[in-house]
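The block underneath contains the structure these notes are about, expressed in structure tokens.
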Amino acid sequence: MTPRAGGKSSSGVTDGSVSAVFPTVREVLALGPVRHGAPRVVAGDEGLDRPVRWVHVAEVPDIATLLGGGELVLTTGIGLPGDDAGLRAFIGDLADVGVSGLVVELGRRYVSGVPRVMAAAAERRGLPLVELRRATPFVRITEAVHALIVDAQLTELRATEEIHQRFNDLSVEGADAAEVIRQAAELSGCPVVLENLSRQVLGYDPAGESAELLLDGWEQHSRRIRPAGRTAYDPDSGWLVTTVGARGQDWGRLLLRWPASGDVPSAQAVEPSAGSPTRLTILIERAASTLALGRLIRRDAEGLERQIHRTLLTALLDHSRPVDEVGLRAKALGVVLDRRHLVGVMVRHRADDPAGEVGPEAGQARLRDLSEAVGQALREAKLTALTSAVDDNSVGALLALTDPAAEDRALSAFANALRQVRLDAGAGRTGPVVDASRSSSGAEPFRAAPGVEAARMGVEGARGAGPGAVIVAAGSGVSTLREARRSLVEARQIAEAARRDRRDLPIFRLPHVGLAGLLHLLRDEPRLQTFVERELGALLEYDARHPRERLLDTLRAYLEQGRNKSAAAAAAHLSRPAFYERLARIARILDVDLDSVEAALSLHVALLALDAVRTP
């Protein structure tokens, strides 16, 4: 299916209503009223796939000034010029205005056929010229074509309504990104890919095609897709692209591959208008909106007491409720946060998917067990805290201490108690494990199934080695509830960064996190990805176009060798002249002075950030 001429939509994508909603000249010639006239194409047959926006009957030579393009002109020729120059000018005017074709009924002005000069002029301009060799009422042709157009427009409208309804339902249901992508691929019959700002794939659906071929060398391929506008079609690559984000914060791109030429996807073969650029634009933008909304909404199906703890912790993290309200509701649960020294703590497994555990149910059970262990450890350490799972991998706690000087002692007591609880569970203890988020509110404790944690973790995992090992991270202590978010966020970031640290520390604090760890924990931050693109984007795009040169590796060698060009050339296995020439080319591409300490530092940080973004 080849895109045809059309206007521009507000999103910057070529308006496909002309190509998808309207019939082509070829389809018009197949209609009964036209076939009754025994049509014969005498010129411009390569233009038979032009869309017909309207049918216009004309018997005057200067009709072109009244047309807007896309019309199929019907005439008997009685008013056409009698001289060759006039006929050439008539055909030229119609071609210039963009009509779809010209149909001439024989018998009134032309008996045996249209003049050769007219056919030659139409052939030169690629304008379809058709003879009707039998008399045919033009009104029947116009009625048939216009009915076809209206039916096609109604079909397009119904399909568009289906798109809106489908994605409205997904938004209400809180569907995850994988389901949104799957539905977009199903509705379009085209492969769909969701990526972040650093061109890393977050999700995809190949729509029946090979996933390996679709994603092979994706980052380099994606960097070549450079459409103009927030939503736009890149004809060179055949991808329709829209930006994903909400509240002014973009975090990714959604791409749909629509072939500009060649084979049409199977879904489009069933429904001819399924490949309408207009419809696909609506589809991809609605899918992007649903993805953005889903990222803002967090569903919670836990019990009321646990949900309140999670709601309050989430409110502190997301600023979704006034701080004073959080303090009042926490006090009502028996957790006093006012006039306390507050410390944010995050506990998570080192591995997202330990060996032997697959599927969402296993992950939820593992998170629930960890939440119960954290609650029990808080009770045994005699600590007051809000605690709950705060995401799919982490259990958070906000410790409320009466004495700031007791911070280190309280954290050590908690870490020791947590390790002991997990050791006891690993040894097969079958007694109750209490979640502090329930016990602190006076509700009945949540009891773990006998041996659940033992089967999942084992003693070795509780000691910090193996797939069941956990990380305990603590943020800086703060003196007011308004500062609690800073401590919680810091703890979450430290826990994430500590996953790359092989040390078995009882508690990870901010001094334990180096630059690489810091960048790793910020790898999903759009601003960091934007920084990488600003610093290295031009070089990454150059490497994507010239994969054999690998200038990024040259830059990496130069920076890792402390800007020692001789050592860097040796490390890169290049002669010094060749290495110097590559450095000069890098400087031109990035428009930087590589001898500048400040510029080199910025590029080195960007390289480390790029590595963090590319590392799961």
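The values are calculated or read from the model by the stated rules, or taken from the named source; none is laboratory data. On a predicted model such as this, the values are computed, not experimentally measured, just so you know. We place every Cβ from the backbone using ideal geometry, glycine too, and count neighbours over all the protein chains shown. Protein only, heavy atoms only, side chains kept; ligands, DNA and RNA dropped before computing areas. Shrake-Rupley method; radii C 1.70, N 1.55, O 1.52, S 1.80 Å.
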Q. Net charge near residue 579, counting Lys/Arg +1 and Asp/Glu -1 over other residues with Cβ under 14 Å of its Cβ?
A. +3
Q: Find the centroid of the Cα atoms in segment 66-122 and in segment 186-251, then give the distance between the two in whole Å.
A: 46 Å
Q | Extension gain, residue 38 back to residue 216 (0.36 nm per residue minus Cα-Cα distance, nm) | A | 58.8 nm
Q | Probe 1.4 Å - accessible area at residue 331, Å² to nearest ten | A | 130 Å²
**Q.** Net charge, residue 252 excluded, C-beta distance under 11 Å - Lys, Arg +1, Asp, Glu -1
**A.** 0
Q: Using a 1.4 angstrom probe on the protein heavy atoms only, line up 182, 585 by accessible area, largest first.
A: 182, 585
Q) Tell me, what is the 1.4 Å probe accessible area of residue 391, in Å² to the nearest 10? A) 40 Å²
**Q.** Heavy-atom SASA rank of 54, 251 (probe 1.4 Å, accessible area, largest first)
**A.** 54, 251
Q. Under a plain spin-label model, where a point goes 7 Å from the Cα along Cα-to-Cβ, how far apart in nm are residue 321 and residue 576?
A. 6.8 nm
Q. Once all Cα-Cα distances of segment 470-512 are split into 10 Å bins that start at 0, what whole-number percent is in each one?
A. 32, 49, 17, 2
**Q.** Inter-label distance, nm, simple model (7 Å from Cα along the C-beta direction), residue 502/residue 295
**A.** 3.4 nm
